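Each reported figure results from applying straightforward, stated rules to the coordinates on display, with no laboratory input. Here the structure is a predicted model, which means the values were calculated and not measured. Cβ coordinates were reconstructed from backbone atoms using ideal geometry, including for glycine residues, and neighbour counts include every protein chain displayed.
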Amino acid sequence: MQRLILFLALFITASFAVPAPQSDDSKAETTRLESENNGVDKYSFAYETSNGISRSEEGELKGGGAEGEGNISVQGTTSWTAPDGKKYELSFTADETGYHPTFKLVA
Ligand SMILES: *[C@@H]1O[C@H](CO)[C@@H](O)[C@H](O)[C@H]1NC(C)=O
């Protein structure tokens, strides 16, 4: 009888120790999608997913002139909730001076 009680106590403790299942990212859906492109010198897009990812970016051709040569200046942000339950955000700018990311813990 004592063995049975010990077994049950271990079983119950073990079942509470099992972590809750993570959300299934493979079933995530796009909940918002916007995209613009003027076909010449500007674009932007933004989207969000049901599993908490959001992403946006905009770019612009600067100093193009008549030859269509110039430098593209881009800025963007993406954020997501990691398996540790915390929300992270990566922002960046990219232009002729390089790629400049900023990474931070949001919440
Ligand atoms: C693009 O960037 C390069 C490198 O900094 C620079 O030499 C060039 O003048 C830029 N072009 C324009 C059109 O601003």
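Structure data summary
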read-out	value
Asp25-Phe92 FRET efficiency (beta carbon distance; Förster radius 22 Å; 0.05 resolution)	0.45
Pairs from Lys27/Lys104; Lys42/Lys86; Lys62/Lys104; Lys62/Lys87 whose Cα-Cα separation, in the structure shown, is over 31 Å	Lys42/Lys86; Lys62/Lys87
